[in-house]
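Undergrad: Before anything else, here's the structure in question.
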Amino acid sequence: MRIPDAKVALSTASVYPESTATAFEIAARLGYDGVEVMVWTDPVSQDIDALRRLSDYHRMPILAVHAPCLLITQRVWSTDPWTKLQRAKAAAEKLGASTVVVHPPFRWQRQYARDFVSGIWRMADETDVRFAVENMYPWRYRDREMLAYAPDWDVTKDDYRHFTIDLSHTATARTDALQMIDRMGDRLGHVHLADGNGSNKDEHLVPGRGVQPCAELLDRLALSGFDGHVVIEVNTRRAMSSAEREADLAEALAFTRLHLASAVKVPRG
């Protein structure tokens, strides 16, 4: 059996409400290959020197930087969205991360949305760092649906050099994840692995606990020689203890490694 080259990382968002520093500690203890830093309101997540010290101390490489695109990060690293992306790129370059994950704009960010596709291409041309644009989902309330992202929550409808697929988001969008990766093709550069049951909420369940084709997607990645990163981005807020949180993250890592490896079997000579 041959293990594919794809590395399995832990998103620092997966330990919330614990800190960014705790994510490095847990990732090292459980044997992850690295971390993806979610830049948000935790000051450490915004501090390149502090992140480098954590990476060095725990011997945990930073494989990706998630730009501050959430509603709660509107004032993190400036209120200007392009400044946020420039700072994310600079952070990735300084920390040795290969990927910046970015969400499509909110629809009310009209000028940003209008220039987003061309702007992402322009920034991608300035660096070796991949700008991997992530699929999102419609917002729903009862029987109403609101298109909150522009140009579109389905990023395959626009022309980007690299994509991130998030399987919790495909669940919330009620779209077929395997068809989406087919549309992404060789531009799929990054994976947020989680699960979901198709509810209105973005659930980010541990892989295998929902209805998304997590195992099948990992099989396809392994067989295609995927060389990007698979990032565990799950919600552990309901964990009753640190031990329960770590057990969830250990289960997610084991699931991912199992299905990445089981798809790639070396024939006997």
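The values are calculated or read from the model by the stated rules, or taken from the named source; none is laboratory data. What you are looking at is a predicted structure, and each value in this text was computed from that prediction instead of being measured. Heads up, the Cβs are rebuilt from the backbone with ideal geometry, glycines too, and the neighbour counts pull from every protein chain shown. Surface accessibility is based on the protein's heavy atoms, side chains included, excluding ligands, DNA and RNA. Shrake-Rupley method; radii C 1.70, N 1.55, O 1.52, S 1.80 Å.
Undergrad: Being acidic (Asp, Glu), without any contact (Cβ under 8 Å) to a residue 60 or more places away in the chain, under 22 Å from residue 218 (Cβ atoms) and in contact with a helix residue (DSSP H, G or I) (Cβ under 8 Å, 6 or more places away or on another chain) narrows it down to one of 134, 126, so name that one.
TA: Numbers: 126 fails: under 22 Å from residue 218 (Cβ atoms).
Result of the check over 134, 126: 134.
Undergrad: Among the residues of segment 71-81, is there at least one that is touching a strand residue (DSSP E or B) at 6+ places or on another chain (Cβ under 9 Å) and touching a residue at least 40 places away in the same chain (Cβ under 8 Å)?
TA: There is no residue in segment 71-81 that is touching a strand residue (DSSP E or B) at 6+ places or on another chain (Cβ under 9 Å) and touching a residue at least 40 places away in the same chain (Cβ under 8 Å).
Okay, residues lined up against (1) more than 21 Å from residue 251 (Cα to Cα); (2) free of Cβ contacts under 8 Å to residues at least 60 places away in the same chain; (3) among the charged types (D, E, K, R):
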| residue | (1), (2), (3) |
| --- | --- |
| 20 | no, yes, no |
| 36 | no, no, yes |
| 40 | yes, yes, no |
| 53 | yes, yes, yes |
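Undergrad: Find all pairs meeting these conditions: Cβ atoms under 9 angstrom apart; at least six residues apart or on different chains; first residue within segment 183-204 and farther than 18 Å from residue 163 by Cβ; second residue open to solvent by 40 Å² or more (accessible area, probe 1.4 Å) and modelled with pLDDT under 95.
TA: Short answer, once both residue conditions are applied: 196/202; 200/139; 200/140; 200/141; 200/142.
Undergrad: Could you look through segment 135-162, keep only residues that are hydroxyl-bearing (Ser, Thr, Tyr) and assigned to a loop (DSSP other than H, G, I, E, B), and pick out the one that is least open to solvent (accessible area, probe 1.4 Å)? Outline the logic, then answer.
TA: Step one: filter segment 135-162 for residues hydroxyl-bearing (Ser, Thr, Tyr), giving 137, 141, 149, 156, 160.
Cutting the leftovers down to assigned to a loop (DSSP other than H, G, I, E, B) gives us 137, 160.
On the way: 137: 32, 160: 2 Å².
By that ranking, first place goes to 160.
Undergrad: Same structure again: Could you please find all residues in segment 157-181 being of a type in the set (D, E, K, R) and more than 26 Å from residue 145 (Cα to Cα)? So that I can check it myself, show each step before the final result.
TA: The initial filter retains those residues of segment 157-181 that are of a type in the set (D, E, K, R), namely 157-159, 161, 166, 174, 176.
Within segment 157-181, 161 is the sole residue that qualifies.
Undergrad: Regarding residue 113, is this residue small (Gly, Ala, Ser) and either exposed (fewer than 15 other Cβ atoms within 10 Å of the Cβ) or in contact with a His (Cβ under 7 Å, 6 or more places away or on another chain) (or both)? Quick ask: steps written out before the conclusion?
TA: On the way: small (Gly, Ala, Ser): yes; either exposed (fewer than 15 other Cβ atoms within 10 Å of the Cβ) or in contact with a His (Cβ under 7 Å, 6 or more places away or on another chain) (or both): no.
No.
Undergrad: Of the residues 88, 132, 92, which single one is surrounded by 15 or more Cβ atoms within 10 Å (Cβ to Cβ), among the aliphatic types (A, V, I, L, M) and in a strand (DSSP E or B)?
TA: Exactly one residue qualifies, and that residue is 132.
Undergrad: Quick check on segment 69-85: of everything there that is over 19 Å from the mean Cα position of the chain (by Cα) and open to solvent by 80 Å² or more (accessible area, probe 1.4 Å), which residue is farthest from residue 124 (Cα to Cα)?
TA: Here the answer is 75.
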